[in-house]
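Here, each number is a calculation from the coordinates, and none is a lab measurement. Owing to the predicted nature of the structure, the values given are computational and were not obtained by experimental measurement. So basically every Cβ, Gly included, is an ideal-geometry build from the backbone, and we count neighbours across all protein chains shown.
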Amino acid sequence: MARAKVILVDADVIAHFIATGHIMELNGILSPHQLYVVENVYREATRHPGDANRKQKVDEWIKDSKTCVIRFPSQNQNIKREFFKLKHDNGLLGDGECACMAMARYGQETIASSNFRDVAPYCDANDIEYIGVMDILQIAINKGYWTDEQCDQFIMDAIKENNARFPVDRMEEYKTEKDLGGF
């Protein structure tokens, strides 16, 4: 069995799993790893202009799945400095992404995000493990949690309901060089 990881889940992952109606399955797919939501991510994840019940859905998931909401460690000067540097250097990054990236740089956490354009280069440069929604779907297939067809449906639903953008439309087209065996 894989060593349990701490996974910091970003708001975009939460949004895709809520939009597709599969948020309650996220923890099962990534088990035995512990999912954490940084307070900055929580604030982003609970607001959605097209979903008046978003906060309730996020709160139910957190409560039922025993996902932990954690405070941003603002007392850690390295993390705090890195957070503000990220915000300054890339105005497109949200507070949640910056918090996850700054924390993971100085910790052993894994980041779950679908914003590879901004997150992946930073993670690669700082030796931070990260996974995206497509990786999570591949993990679900690898574990026998979902079939290719269920993942394909997830992709279609996320695109339709949440304007998601993925590198492929079907799981059979997805190829990753990442070793997902530790998940």
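Annotation: the residues Met134, Met101, Met24, sorted from fewest to most other C-beta atoms within 10 Å of their own C-beta, follow the order Met24, Met134, Met101. For the chain, modelled as a GNM whose springs connect Cα atoms under 10 angstrom apart, the maximal fluctuation among Ala158, Ala52, Ala140 occurs at Ala52.
Using the Cα centre of the chain as origin and beta-carbon charges of +1 (Lys, Arg) and -1 (Asp, Glu), tell me which of Cys100, Val13, Gln138 is placed farthest towards the positive end of the dipole. Looking along the dipole axis, the top candidate is Cys100. With the helix formula -39500 (n - 2.57) applied to DSSP H stretches of n ≥ 4, the chain reaches a computed 222 nm mean residue ellipticity of -15000 deg cm²/dmol.
A Gaussian network model of the chain, with springs between Cα atoms under 10 Å, assigns the largest mean-square fluctuation among Gln75, Gln108, Gln56 to Gln75. Note on the stretch 52-183: Lys pairs 8 or more places apart or on different chains, Cα atoms under 17 Å apart, count 5.
Amide H contacts under 5 Å for Val69: Val37, restricted to partners 5 or more places along the chain or on a different chain, H placed in the peptide plane at 1.01 Å from N.
Sort Asp95, Asp89 so that the residue with the fewest other Cβ atoms within 10 Å of its own Cβ comes first and the one with the most comes last. Can you show the working numbers first?
On the way: Asp95 18, Asp89 10.
Listed from fewest to most nearby Cβ atoms, that is Asp89, Asp95.
Relative to the longest principal axis of the Cα atoms of the chain, the long axis of helix 95-106 lies at roughly 80 degrees.
Three principal axis extents of the chain based on alpha-carbon atoms, in descending order, are 46, 38, 30 Å. Using only side-chain charges placed at the Cβ, +1 for Lys and Arg and -1 for Asp and Glu, the dipole size of the chain relative to its Cα centre rounds to 720 debye.
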